[in-house]
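J.: Before I ask anything, here is the structure I am working with.
The values are calculated or read from the model by the stated rules, or taken from the named source; none is laboratory data. Just so it is clear, the model here is predicted, and its values are computed rather than measured. Heads up, the Cβs are rebuilt from the backbone with ideal geometry, glycines too, and the neighbour counts pull from every protein chain shown. We work out accessible area using only protein heavy atoms, side chains counted, and drop any ligands, DNA or RNA first. Shrake-Rupley method; radii C 1.70, N 1.55, O 1.52, S 1.80 Å.
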Amino acid sequence: MKPGEVLAVLEKAGELIEVSGKVSDEALADIAYESGKVTKNAVFVAACGANADGHDFIPEALKKGASLVLCEKRDAYEVYKAAYPERCFALAGSSRRALALASAAFFGYPAEKLTLIGLTGTKGKTSTSFMIKSLLEAAGHPTGLIGTTGIYYGTQYEYIDNSTPESFELHRIFAAMVQSGIRYCVMEVSSQSLKLERVYGLRFDTAVFTNLSKDHIGKGEHADFEEYFACKKKLFSMCENAVLNADSDRIGDIRDILTTHHTPFITYSTQDPTADFYGSDEKFYMENGDMKTEYTLTHKGVRQRVTVGVPGRFSVYNSLCAVSVLSLQGIPCEAVLPALETVHVIGRNELVKHPKCPFPVMIDYAHNALSLQSLFDAVRAYKPRHIVCVFGCGGNRSRVRRFDMGEIAGKNADLSVITSDNPRFEDLDAIFADILTGIAKTEGAYAVIKNRADAIRYALEHASRGDIVLLVGKGQQLFEEIGNVKYPFDERQVVKDYYDAL
């Protein structure tokens, strides 16, 4: 692909405003949206980020040999085209839309060779994505996944910082999936990705709405709840079909969008028997150190009992959603329900099992007040004798989160073990002080143990049959971030080593 072809793509999409300088006839080497990754004969896309403005790094990109610079600020465009008259600049309506369009073309439009299933909502996206992937693969369809816990396809795994990567990374991943024989891709579509045009130009076969509550509101995220919801709604003008949680607030707004675009949709529910997929008669219990979840699924008048391998009341919702999505692919319930019994979600209500452990040990990514309270509510349905919760709070993050999590843990756990969780550049004692301010509002028992591995061992020593131990905050992470170094750390291995040594 050559720079001129990129410009043609932008012009066809109505995104190109003006071009200056000579357009190189050399083949493009790459596309970069970070100046540090620019190589000779690459396109550099100058976009505005939360902490930096890409337009400020245009000279660096030119010095490294960028053959084409795409930008969206008229003043920057005028300044640089005058300063570098021999170089090629293009002014676009939006740098992020331009990046998405150019990336799709650069990789040969791989998304068009995949059946895309996109999930948005405040909670449930990660677990439901894994369920959908598991069910599709059980039905014989090679499936990739992009989400909070990383990228999965075939035997490949890649860690990512954002639930939904930048558009260039997305199309790179799509291309790799297609090359590997993947035909379905299940992906979390975050509100930030919709706001920042990371999924611009994609067409989803199925869009999923899980639920809605206040989250991701504040500096660097969304200005308020209405903007947060407005971003999520964008997904439903980008799809061929939709699956909706009929029990969620604001569901009428989503229906209105779908109706306007004449997009068919189906619903799932645990409250409305008229939903297309209805779950009822839930049962949650512990058995031999395991946590069991069962319910009755009703679809088109047929009732059948379902067992889900992931514990928690929300697993009923998530599995209903997954089965609904499969139905839109022409795959009946009977073909996939057995796979729900063995479904495994990394870092989300993930059970760590060991023959010597007489009680459930659960790893979960809960790292704010909303998700922590939701986790306690979920495990309480199993009527544990005691709940032991190991948790901390990340450094260089909101202090308010620490107060709130401390208070919630104090109110809900019989024993809270406060420990390290990615302190980054903050002092652990300062983080602990904030957490303890929240716990002090309760009568909850607690212990403070700085080393996270020691804290986990302490929790296992102080739990017994009938209890549940929660290891909260790390989820899928296999590291502990101290300063700017990520040290290898796997909670699963800590549990295994503890019981192996007994």
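J.: Say we look at the range 80-119 and pick out the residues that are in contact with a strand residue (DSSP E or B) (Cβ under 9 Å, 6 or more places away or on another chain) and of a type in the set (D, E, K, R); which of these is least open to solvent (accessible area, probe 1.4 Å)?
T.: R96
J.: Checking F130 against (1) in contact with a His (Cβ under 8 Å, 6 or more places away or on another chain); (2) surrounded by fewer than 20 Cβ atoms within 10 Å (Cβ to Cβ); (3) of a type in the set (F, W, Y): exactly one of these is not met. Which one?
T.: (2)
J.: Answer yes or no: is there a residue in the range 442-462 that is farther than 30 Å from D500 by Cβ, open to solvent by less than 40 Å² (accessible area, probe 1.4 Å) and in contact (Cβ under 8 Å) with a residue 12 or more places away in the chain.
T.: yes
J.: Just to be sure I understand, how many residues within the range 151-203 are touching a strand residue (DSSP E or B) at 6+ places or on another chain (Cβ under 7 Å), part of a strand (DSSP E or B) and surrounded by fewer than 18 Cβ atoms within 10 Å (Cβ to Cβ)?
T.: Summing the residues that are touching a strand residue (DSSP E or B) at 6+ places or on another chain (Cβ under 7 Å), part of a strand (DSSP E or B) and surrounded by fewer than 18 Cβ atoms within 10 Å (Cβ to Cβ) in the range 151-203 gives 2.
J.: Being more than 20 Å from M1 (Cβ to Cβ), in a helix (DSSP H, G or I) and without any contact (Cβ under 8 Å) to a residue 24 or more places away in the chain is the filter here; which residues of the range 37-58 pass it?
T.: H55, D56, F57, I58
J.: Suppose the filter is on the phi < 0 side of the Ramachandran plot, under 21 Å from the mean Cα position of the chain (by Cα), at pLDDT 95 or above and assigned to a strand (DSSP E or B); does L91 pass it?
T.: So L91 does not fit the description; no.
J.: Taking into account only those residues within the range 404-441 that are open to solvent by less than 20 Å² (accessible area, probe 1.4 Å) and in a loop (DSSP other than H, G, I, E, B), which is farthest from V469 (Cα to Cα)?
T.: P423
J.: What are the residue pairs meeting all of these: first residue in the range 398-418, first residue without any contact (Cβ under 8 Å) to a residue 40 or more places away in the chain and of a type in the set (V, I, T), second residue in a helix (DSSP H, G or I) and surrounded by 24 or more Cβ atoms within 10 Å (Cβ to Cβ), Cβ atoms under 7 Å, and 6 or more apart or on different chains?
T.: Pairs that qualify, where the first residue is without any contact (Cβ under 8 Å) to a residue 40 or more places away in the chain and of a type in the set (V, I, T) and the partner is in a helix (DSSP H, G or I) and surrounded by 24 or more Cβ atoms within 10 Å (Cβ to Cβ), are I408/L372; I418/I435.
J.: Taking the conditions exactly as written (of a type outside the set (F, W, Y), closer than 30 Å to V306 by Cβ and under 13 Å from the mean Cα position of the chain (by Cα)), does K133 satisfy them or not?
T.: It is false that K133 is of a type outside the set (F, W, Y), closer than 30 Å to V306 by Cβ and under 13 Å from the mean Cα position of the chain (by Cα).
J.: Taking the condition of being open to solvent by 20 Å² or more (accessible area, probe 1.4 Å) and assigned to a strand (DSSP E or B), how many residues in the range 338-373 meet it?
T.: Matching residues across the range 338-373 total 1.
J.: Restricting to the range 483-502, what's the tally of residues that are open to solvent by 80 Å² or more (accessible area, probe 1.4 Å) and part of a strand (DSSP E or B)?
T.: 3
J.: Still on this structure, please answer the following. Please go through the range 248-299 and pick out each residue that is of a type in the set (A, V, I, L, M), within 26 Å of E334 (Cα to Cα) and under 25 Å from the mean Cα position of the chain (by Cα).
T.: I266, M291
J.: Have a look at A275, A339, A335 and point out the one that is small (G, A, S) and in contact with a strand residue (DSSP E or B) (Cβ under 6 Å, 6 or more places away or on another chain).
T.: Residue meeting the stated conditions: A275.
J.: So, in the range 113-128, how many residues would count as being under 22 Å from V308 (Cβ atoms) and either touching a Pro at 6+ places or on another chain (Cβ under 6 Å) or part of a helix (DSSP H, G or I) (or both)?
T.: Matching residues across the range 113-128 total 4.
J.: Which fully enclosed helices (runs of 4 or more DSSP H) of the range 222-337 have 3 or more residues being among the hydroxyl-bearing types (S, T, Y) and buried (at least 18 other Cβ atoms within 10 Å of the Cβ)?
T.: Of the helices (runs of 4 or more DSSP H) lying wholly inside the range 222-337, those with at least 3 residues that are among the hydroxyl-bearing types (S, T, Y) and buried (at least 18 other Cβ atoms within 10 Å of the Cβ) span 314-328.
J.: Just the residues that are part of a helix (DSSP H, G or I) and either under 33 Å from the mean Cα position of the chain (by Cα) or surrounded by fewer than 22 Cβ atoms within 10 Å (Cβ to Cβ) (or both), please, taken from the range 65-79.
T.: R74, D75, A76, E78, V79
J.: When you check I58 against the structure, is it aliphatic (A, V, I, L, M), over 26 Å from the mean Cα position of the chain (by Cα) and either open to solvent by less than 60 Å² (accessible area, probe 1.4 Å) or at pLDDT below 95 (or both), yes or no?
T.: yes
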